[in-house]
Amino acid sequence: MTSEMNETLRELEALRQALVKKLTITLIVLIVLFSGVALSFQSPFAIIGGLIFSFFIFGLLQKGSASGYVAEFKSRIIGSLVKSINTDLNYHPKRSISEREFEHAGLFQRPDRFKGEDLVEGQIEKTSLRFSEVHAEDRRTSTNSKGHTTTKYVTIFRGLFFQIDFHKNFSHETRIFPDIAENLFGKFGQALQKMGDIFKKGELVKLENVHFEKEFAVYSTNQIEARYILSPSMMERLLSYKNRSRGRIWVAFHDSQMSLAMEVNKNLFEPPIWSSLLKTDLISEYQNDLEFATDIVEELNLNTRIWTKE
Amino acid sequence: MIYLIIPAVFIVLIILIYNGLIGKKNQVEYAFSSIDVMLKKRYDLIPNLVSTLQQMMEHEKDIFTSITELRTRAMSPSASNEERIDLNNQITRSLGSIMVAVENYPDIKSSSNFEQLQRSLNEVEEQISAARRTFNSAVTDFNNGIEMFPSSILANMMGYSRKEVLEIPQAERENPNVKDLFKS
């Protein structure tokens, strides 16, 4: 870590401490205010209700008042970490992979709610890539026996979504899903039915790599092209990248591009609010996350341009 | 009623198995013809390669004569499937030795014309390999169909027998080493 970054961190830590002070005062005021109101009702339920209500309001306020600090942290710390990995990469904290790109990959059902942030885009040697955090959700409405309808959102996919220039030309579509057996027994029976529509795009491709077959199910509109893309070495590389990621991954090959969705169950690249920024391992954690993401180009050997695509 | 249902189910089952076997057999034929398509692409590249390199690499004249001859024999309609596969394995080996020989001619190696040609060849080689793997997968599917019960009974009656998978030449099993390919 450079001394310049140390300096930045100290400045941000001052910002964070001011924020914590402001938030603590807000919380105390809220609790006093609502408990006071609740006490006048002279019921224990009112007091509990008052407390819950104050925390709820506090949650909303925290998000709003922390936004300045979060934005500052992202543009200064994450931004310079991205540049330190490769100067040809740019970081846009508020932008993301578009919903259109997400849908176009054809890996998931069409989402009803789509959010994203932390876009990194640019070029690693000969390969251009873009990736961002993405959260896609499906709306479920249910009506109970009394006729009340409730709406809730169920996650379809949450994690990093990559859009990468592939090193070979191809014209058909090939998709890799986590093995279906896993999906079958998973909890999203309904989602599975909708997934059926995706599976209709092409036929199952049986590959000779046993480990790969165990982890993934491959569907393609062209058997030979699927094997042209998934050469023996590419299968090994995808497997090892998957093993490093710990979450499930989905891959689509279309229009000579590769879309890869990697499940991550935490909000990446966010600064801590209630703990210090000056902890020793903090920055290396962000750096590891970023390096793991950008390593994909090397891991999948995408800079090897020995075929007609340059 | 039950006397009607049982034979009906039985007949439907036989039809399904029969069609499944035919489908598998056609898949093998289709996969084989796909290899031919890819091999044809390579035949088209060879004259180009020979004319680009022949004059500059006079000491290697023999390789060029032999690869041209192999190509002619492989393309002749009288060649059987086995012969064609065998001739193409020889072509693969000859191409390999040409690429090794080019190492001694830095001028050729660095020319953009040759690099483009080499890229096209790499692509075709990888497509041929993909087509072979597709064929082998189809053959395995077919062999499973004719050997597993109950489809084996029907396959026997239809006179189907095991098909052989293609040996993948050693060179195709290894990952191409890029550093060797573009060493300057």
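For region A:86-299, what value does the Rg/Rh ratio take when both radii are computed over Cα atoms and Rh is the Kirkwood radius, given to two decimals? Each step should come with its number before you reach the end.
Values: Rg = 18.5 Å, Rh = 18.6 Å.
With Rh from the inverse mean 1/r over Cα pairs, Rg/Rh is 0.99.
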What does the helix-only formula give at 222 nm for chain A: each DSSP H stretch with n ≥ 4 adding -39500 (n - 2.57), the total divided by the residues, and the result rounded to the nearest 500 deg cm²/dmol?
-> -14500 deg cm²/dmol
Helix A:44-73 sits at what angle to the longest principal axis of chain A, using alpha carbons and giving 0 to 90 degrees rounded to 10?
-> 60
With r as the distance between the Cβ atoms of A:N86 and B:L117 and R0 = 35 Å, compute the FRET efficiency 1/(1 + (r/R0)^6) and round to 0.05.
-> 0.65
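If you count, for every residue in B:122-134, the Cβ atoms of partner chains within 10 Å of its Cβ, what is the mean?
Numbers: counts 4, 7, 2, 1, 7, 6, 2, 5, 10, 5, 2, 10, 9.
Mean partner shielding for this stretch: 5.
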Relative to chain A, whose Cα atoms define the longest principal axis, helix A:282-294 and its Cα axis are tilted in degrees, nearest 10, by 30
Mind checking which aspartates and glutamates have their C-alpha under 18 Å from A:K201, skipping anything on the same chain fewer than 8 residues away?
-> A:E101, A:E103, A:E173, A:D179, A:E225, A:D255
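Does the protein assembly as shown come out rounded, prolate or oblate by the C-alpha gyration tensor, with a ≥ b ≥ c the root eigenvalues, rounded set by a/c under 1.5 and, if not, prolate when a/b is larger than b/c and oblate if not?
Here the protein assembly as shown falls in the oblate category.
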What FRET efficiency, computed as 1/(1 + (r/R0)^6) with R0 = 35 Å and r the Cβ-Cβ distance, is obtained for A:Q123 and A:L60, rounded to the nearest 0.05?
-> 0.30
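Pop the C-beta distance of A:A46 and A:N6 into the FRET formula with R0 = 41 Å and round what comes out to the nearest 0.05. Don't jump to the answer; show the numbers that get you there.
On the way: r = 50 Å, r/R0 = 1.21.
Efficiency for this residue pair is about 0.25.
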Loop-resident chymotrypsin sites (Phe, Trp or Tyr not before Pro) in region A:1-72 with no more than 14 other Cβ atoms inside 10 Å, DSSP not H/G/I/E/B, are A:F41
Let me know the mean shielding of B:154-167 by other chains, meaning the per-residue number of their Cβ atoms within 10 Å of its Cβ.
-> 0
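Which whole number gives the average count of other chain Cβ atoms within 10 Å of the Cβ atoms across peptide B:23-35? Display every interim value, and only then the final one.
Numbers: counts 0, 0, 0, 0, 1, 0, 0, 1, 2, 0, 0, 3, 1.
Taking all residues of B:23-35 together, the mean is 1.
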Which whole-angstrom value gives the distance between the alpha carbon centres of region B:76-142 and region A:217-239?
-> 20
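Sorted from fewest to most neighbouring beta carbons within 10 Å, what does the list B:M38, B:M99 look like? Walk me through the numbers before you get to the answer.
Details: B:M38 21, B:M99 16.
Listed from fewest to most nearby Cβ atoms, that is B:M99, B:M38.
Calculated from DSSP H runs of 4 or more alone, at -39500 (n - 2.57) each and per residue, what is the 222 nm mean residue ellipticity of chain B, nearest 500? Numbers along the way, then the final one.
On the way: 8 runs with 145 residues, N = 184.
Only helices count here, giving -26500 deg cm²/dmol.
Counting pairwise Cα distances across region A:1-90, what percent come out greater than 20 angstrom?
On the way: 2172 of 4005 pairs.
Across region A:1-90, Cα pairs with separations above 20 Å total 54 percent.
Region A:66-149: percent of C-alpha pairs farther apart than 19 Å?
Working: 1885 of 3486 pairs.
Everything past 19 Å amounts to 54 percent.
Quickly rank A:93-105, A:7-19 as a protection proxy: mean count of other C-beta atoms within 10 Å, highest first.
Numbers: A:93-105: 17.4, A:7-19: 14.9.
The most tightly packed comes first, giving A:93-105, A:7-19.
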Using alpha-carbon coordinates, inclination of helix B:81-102 to the longest axis of chain B, degrees | 30
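Answer rounded, prolate or oblate for region A:127-181, using the Cα gyration tensor with square roots of eigenvalues a ≥ b ≥ c: rounded when a/c is under 1.5, else prolate when a/b is larger than b/c, else oblate.
prolate
Every number in this text was worked out from the coordinates using simple rules, so none of it is lab data. Computed from a prediction, not measured in an experiment: that's the story for all the values here. Backbone-built Cβ (ideal geometry, glycine too); neighbour counts: all protein chains shown.
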